[in-house]
Amino acid sequence: MTAPQLLFVHGWGFGPDVWKPVLKALGQPEACLPDLGYFGAASHEGQRQVEALRSGPHPVLAVGHSLGFLWLLARGNWPEGSRFLGINAFGRFAAGEGFLQGISPRVLARMQAGLMRNPAQVVMDFRTRCGAGPVSSEMVSQEALQEGLTDLRTLDMRPVLSRLAGVPGAVNILAGGQDPIVSPDMTRASLPPDLPISWQAEGGHMLPQTHPDICAEAIRRMTLQMLENS
């Protein structure tokens with residue numbers, strides 16, 4: 001039996017370092033940690049890493065935080081037997097017809113306009129709402145951040161999740177009951193009703209940082225299930 005390839009993708013306004021506590025709790029496994037380039041890293045390298053796993057022979061356990069989960073689902077065509085763990089995750093972010101629980105597109109439009117004027121301030125404001133620390137204003141990549149906000153405004157992976165929900169164990173979700181970015185109502189409305197959600201009653205939007213042991217245990221459990229089914 002071959003252990004699944006571990007892949008971790010961070011959310012908007014963050015980088016791969018958000019996973020450090022989870023990796024420590026796991027005992028520093030071998031993992032792929034692509035960088036979406038919000039703070040100056042070359043995002044095409046992260047894309048290359050993910051494409052290599054998608055075209056490879058082994059199942060992938062793809063772990064996404066916030067937008068990272070949506071981003072992973074949007075790639076499509078994963079190796080047979082791959083599974084997904086969403087942390088502070090959603091199947092759609094922006095509100096629209098039939099999804100009033102989402103974030104108003106006007107909020108995202110204001111953030112995109114703000115990125116044109118002062119990208120560091122927009123990122124700092126968002127990270128403060130998340131309960132995370134600041135980053136250096138010199139590192140902020142306006143282009144990558146704009147692309148991420150476009151994904152948040154346009155991507156709707158609910159149909160994909162509905163198909164995956166029909167496969168036992170294919171998707172699991174960890175959610176924070178006190179998440180200031182993704183409310184419990186928004187979480188439930190953006191996911192299939194039969195998809196299992198593990199609620200952390202006091203958790204916010206930064207579960208990989210505040211609840212790394214719980215995240216690591218979910219990863220271990222899904223890894224074991226994948227090995228048993230291989």
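The table for this structure:
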{"read-out": "Pairs, first over 22 Å from residue 137 (Cα atoms) and at pLDDT 95 or above in the range 4-18, second surrounded by fewer than 22 Cβ atoms within 10 Å (Cβ to Cβ) and of a type in the set (D, E, K, R), C-beta under 9 Å, six or more apart", "value": "6/30"}
{"read-out": "Residue among 76, 114, 46 that alone is more than 21 Å from residue 218 (Cβ to Cβ), in contact (Cβ under 8 Å) with a residue 40 or more places away in the chain, surrounded by fewer than 22 Cβ atoms within 10 Å (Cβ to Cβ) and not aliphatic (A, V, I, L, M)", "value": "76"}
{"read-out": "Only listed residue being touching a Ser or Thr at 6+ places or on another chain (Cβ under 9 Å) and either open to solvent by 70 Å² or more (accessible area, probe 1.4 Å) or within 29 Å of residue 216 (Cα to Cα) (or both), chosen from 134, 119", "value": "134"}
{"read-out": "In the range 156-202, the residues that are under 16 Å from the mean Cα position of the chain (by Cα), surrounded by fewer than 21 Cβ atoms within 10 Å (Cβ to Cβ) and of a type in the set (Gly, Ala, Ser)", "value": "170, 183, 198"}
{"read-out": "Options 104, 82: the member that is open to solvent by 10 Å² or more (accessible area, probe 1.4 Å), in contact (Cβ under 8 Å) with a residue 60 or more places away in the chain and in contact with a strand residue (DSSP E or B) (Cβ under 8 Å, 6 or more places away or on another chain)", "value": "82"}
{"read-out": "Residue satisfying condition, being charged (D, E, K, R) and either touching a Leu at 6+ places or on another chain (Cβ under 9 Å) or closer than 14 Å to residue 69 by Cβ (or both), within set 129, 158, 188", "value": "158"}
{"read-out": "Matching residues in the range 85-101 - criterion: being without any contact (Cβ under 8 Å) to a residue 40 or more places away in the chain and surrounded by 15 or more Cβ atoms within 10 Å (Cβ to Cβ)", "value": "95"}
{"read-out": "Sole exception among (1) closer than 27 Å to residue 73 by Cβ; (2) among the charged types (D, E, K, R); (3) out of contact with any Leu (no Cβ under 6 Å at 6 or more places or on another chain) for residue 138, by number", "value": "(1)"}
{"read-out": "All positions within the range 97-115 that are modelled with pLDDT of 95 or more and more than 14 Å from residue 150 (Cα to Cα)", "value": "99, 100, 101, 102"}
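The values are calculated or read from the model by the stated rules, or taken from the named source; none is laboratory data. Everything numeric here is computed off the predicted structure, so don't read it as measured data. Virtual Cβ from ideal backbone geometry, glycine too; neighbours counted across all protein chains shown. Heads up: the accessible areas ignore ligands, DNA and RNA and are worked out on the full protein's heavy atoms, side chains in. Shrake-Rupley method; radii C 1.70, N 1.55, O 1.52, S 1.80 Å.
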